[in-house]
1. Arrange the residues 71, 17, 100 by how much accessible surface each exposes, largest first, with a 1.4 angstrom probe.
2. What is the percent carbon and sulfur in the accessible area of region 65-106, measuring with a 1.4 Å probe over the protein chains and ignoring ligands?
3. Determine the relative contact order of the chain: mean sequence separation of Cα pairs under 8 Å and six or more apart, normalised by residue count, in whole percent.
4. Once phi is turned into ³J(HN,Hα) by the Karplus curve 6.51 cos²θ - 1.76 cosθ + 1.60 with θ = phi - 60°, what whole-Hz value does each residue of region 88-99 show in order, with x for glycine and proline?
5. Helix-only mean residue ellipticity at 222 nm, the chain, DSSP H runs n ≥ 4 weighted -39,500 (n - 2.57), per residue, nearest 500. What is it?
6. Pairing the Cα long axis of helix 22-46 with the longest principal axis of the chain, what angle in degrees results, from 0 to 90 and rounded to the nearest 10?
7. Rounded to the nearest 10 Å², what accessible area does residue 88 have for a 1.4 Å probe in the complete protein model?
8. Tell me, what is the per residue accessible area of the chain in Å², probe radius 1.4 Å?
Amino acid sequence: GRGLMGERDVPEMEALIAARDTGVLERMATGGSAFGMAVATVIGIAAPSVVVIGGGTVRWKPYMEAALLAIRENCYPEMLALCSVQVMERPELMVARGAIRCFLNS
């Protein structure tokens, strides 16, 4: 398949996660871990005060658990202590919120 979901659609992925499908859970953990390492790298390089995570995959608990664990394991504790890592409550609004922030800061 292609990417994390391969040829599956969102309802099918959610059903497989709920059924604790081993293959899907392993892919979720692998993808979440890779994403978490990337976020840890950004924190280490840019030292942001806040990182907000959004997008479609935040709805999947196995993915986000792996991502947040990878952030904690791959980021210097001193850097992570200075950065608030937040998961968007409504990730579908991420683009709109970014546009509003750009407008307000211009």
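1. Largest accessible area first, the list is 100, 17, 71.
2. Numbers: 2060 of 3410 Å².
So the carbon and sulfur contribution to the accessible surface is 60 percent.
3. Relative contact order, the chain: 30 percent.
4. Once rounded to whole Hz, the list reads 4, 5, 10, x, 5, 9, 4, 5, 5, 5, x, 5.
5. After summing the helix terms and dividing by residue count, I get -19500 deg cm²/dmol.
6. 10 degrees
7. Surface open to solvent at residue 88 totals about 20 Å².
8. 66 Å²
The values are calculated or read from the model by the stated rules, or taken from the named source; none is laboratory data. Remember, predicted model here, so these are calculated numbers, not experimental data. Just so you know, the surface numbers come from the protein's heavy atoms only, side chains and all, with ligands and any DNA or RNA stripped out. Shrake-Rupley method; radii C 1.70, N 1.55, O 1.52, S 1.80 Å.
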